[in-house]
1. Among the numbered criteria (1) part of a loop (DSSP other than H, G, I, E, B); (2) in contact (Cβ under 8 Å) with a residue 40 or more places away in the chain; (3) more than 12 Å from chain A (Cβ to nearest Cβ), which one does residue B:72 miss?
2. State the number of residues belonging to segment A:45-75 that are away from DNA strand C (no atom under 11 Å from the Cβ), under 25 Å from residue B:87 (Cα atoms) and within 14 Å of the chain's Cα centre (by Cα).
3. Quick one: in segment A:47-63, of everything that is within 10 Å of chain B (Cβ to nearest Cβ) and surrounded by 14 or more Cβ atoms within 10 Å (Cβ to Cβ), which residue is farthest from DNA strand D (Cβ to nearest atom)?
4. Return the residue satisfying two criteria in turn: it lies in segment A:8-33 and is more than 7 Å from chain B (Cβ to nearest Cβ) and closer than 20 Å to residue B:72 by Cα, and of such residues it is modelled with the lowest pLDDT.
5. Of the conditions (1) part of a helix (DSSP H, G or I); (2) within 30 Å of residue A:18 (Cβ to Cβ), residue A:86 clears all except one; give me its number.
6. Would you confirm whether any residue within segment A:155-174 is more than 19 Å from the chain's Cα centre (by Cα), of a type in the set (D, E, K, R) and within 19 Å of residue B:19 (Cα to Cα)?
2 protein chains.
Amino acid sequence: MKIQDFPTNSFIVKTADLEARVPEGEQSDLRLWLRLLSCTTLIENEIRSRLRREFKTTLPRFELMAQLSAHPDGLMMTTLSRNMLVTNGNITGITDQLEKEGLVERQRQNHDRRSSVLKLTPEGEKQYQRMAAAHEEWIRGFLGPLCEANKEMLASSLSELKMVAHLQVNTPAQ
Amino acid sequence: MKIQDFPTNSFIVKTADLEARVPEGEQSDLRLWLRLLSCTTLIENEIRSRLRREFKTTLPRFELMAQLSAHPDGLMMTTLSRNMLVTNGNITGITDQLEKEGLVERQRQNHDRRSSVLKLTPEGEKQYQRMAAAHEEWIRGFLGPLCEANKEMLASSLSELKMVAHLQVNTPAQ
DNA sequence: TATTGTTATACTCTATAACTATA
DNA sequence: TATAGTTATAGAGTATAACAATA
């Protein structure tokens, strides 16, 4: 399919060529990183776009609801901020939105009255389930066609990378 | 190292546990995706943060300069928007900033007077080189410790994923 | 007619930091 | 003193869409 076949306006042909800035052939860590980043960004952008178009929502909102759905007993906002890699203040903001829409609720704790536990409301859970089904389908569309061998390799190399990266990132540098 | 050992304020302990929302053990496409996303986001956030702290700049600005540095003859803004996966309007905005700071310049084309070609100025190239050196060092910190075998597996599985994902994304769906 | 780039708008996310209430 | 969460602020990035100039 050629570029010319696509509608032209507000449609980006996704070439994701971050890698284009590294000399051909060279197998550097940088090149590997750019390939990783290209793949992820490509898919992530598409998911953001579909969430917005089909469910009028955003990725952070979706991820927050996903975390809550996986923890029916609720989660502290601090835990959410760690899992989702954003600051406390951001969680407050997203929670405010979702609570106003009746999708999540804060439950004050008696044993520690500083904290509240966040849960999906039944309506929130219902909406989440619809989105999650579509989301999982999308992901299958992206990753499904990979051959089994590659999936396993990806999973295991990423699992090493995850450990290594955590170490790097959480070691107060300098 | 324990959580308690970290400074507490405006410091997020990076656990990147997006994966925590998928049942243990299950080897699904979704789980693989979340692992991919966690790793990338973790590293990407850290890079954004270091770019801001050490060079007072942002990832999109850095990436735009990287693209230009790799193409000394300059690039059309449309090409940039495709490579960087953002819309034309965004490229205009970032370019405006960088041009005002004297780091890039627009060169009007004679043979096609709609388009301009974007180039780094000498000062832009100089600044970019400093940032690129640090950036590459950071990436080596993250990916370097991976064993060779894993790097090769990653590179080849990602290269398949990149193709597959491009297809998925650029095929007008439904 | 299609393409390149600009402009305008509105919104979300984000970091940062000061703050409160509680532990 | 440390922690959980809130508030306020300012800024960047983003999509979207209408637009001008040119091809």
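The values are calculated or read from the model by the stated rules, or taken from the named source; none is laboratory data. Note that the structure is predicted; figures quoted are calculated from it, not measured. Ideal geometry is used to build each Cβ from the backbone, glycine not excepted, and the neighbour counts take in all protein chains shown.
1. Only one criterion is unmet by residue B:72, namely (3).
2. 5
3. A:63
4. Checked segment A:8-33; the qualifying residue modelled with the lowest pLDDT is A:25.
5. (1) is the only condition that residue A:86 fails.
6. Here is the first cut: in segment A:155-174, the residues more than 19 Å from the chain's Cα centre (by Cα) are A:156-157, A:160, A:164, A:167-168, A:170-174.
Remaining after also requiring of a type in the set (D, E, K, R): A:160.
Of the ones still in play, those that are also within 19 Å of residue B:19 (Cα to Cα) are A:160.
The answer is yes; a qualifying residue exists.
The rows are residues; the columns are (1) surrounded by fewer than 16 Cβ atoms within 10 Å (Cβ to Cβ); (2) within 22 Å of residue B:162 (Cβ to Cβ).
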residue	(1), (2)
B:69	no, no
B:72	yes, no
B:77	no, no
B:85	no, yes
B:93	yes, no
B:102	yes, no
B:112	yes, no
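Residue-wise test of (1) farther than 19 Å from residue B:45 by Cα; (2) of a type in the set (Val, Ile, Thr); (3) touching a residue at least 24 places away in the same chain (Cβ under 8 Å).
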| residue | (1), (2), (3) |
| --- | --- |
| A:45 | no, no, yes |
| A:61 | no, no, yes |
| A:78 | no, yes, yes |
| A:102 | yes, no, no |
| A:112 | yes, no, no |
| A:118 | yes, no, yes |
